[in-house]
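Here is the structure we will look at.
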Amino acid sequence: MSTALTLTTGTGPDGVRVLTVVGEVDLSNAASFAAALEDAVRPDGEPLVVDLTEVEYLDSAGLAALFPHAERIALVASPLLEPLLTISGLADLTTVRSR
């Protein structure tokens with residue numbers, strides 16, 4: 001059974017592309033998350049903000065989807081996820097900011 005996950009791509013007030021992630025990212029839906037990232041990241045280097053502030057759970061499959069895009073994304077995370085992003089090493093590869 002797949003865990004509830006909502007993925008929405010849009011434009012923030014500053015004109016930057018934003019992928020908003022809501023719910024839980026785990027093995028059951030990590031492929032959908034990876035596909036949404038792949039679709040949202042632009043090869044021309046246009047920045048992408050991945051908004052994880054409404055993510056309640058992020059497992060290793062979700063982290064694995066983020067790593068290939070680390071140089072082209074910035075993450076906005078809740079205090080719940082910040083330690084995970086730091087311990088995994090992702091925070092060393094991309095910008096992570098709090099909301």
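Derivation of every value follows stated rules applied to the coordinates shown; laboratory data play no part. Quick caveat: nothing in here was measured; it's all calculated off a predicted structure. For neighbour counting, all protein chains shown are included, and Cβ atoms are generated from backbone atoms with ideal geometry for every residue, glycine included.
List of remarks:
- DSSP bridge pairs, the chain: antiparallel proportion in percent, nearest 5: 30 percent
- The charge dipole of segment 5-98, taken about the Cα centre with unit charges on the Cβ atoms of Lys, Arg (+1) and Asp, Glu (-1), comes to about 160 debye, rounded to the nearest 20.
- Derived value for the chain: Kirkwood hydrodynamic radius 13.3 Å. Basis is the mean of 1/r over every pair of different alpha-carbon atoms.
- Residue order, fewest to most beta carbons within 10 Å, for E24, E54: E54, E24
- Linear extension gain, T3 paired with E71, 0.36 nm per residue minus alpha-carbon span: 21.7 nm
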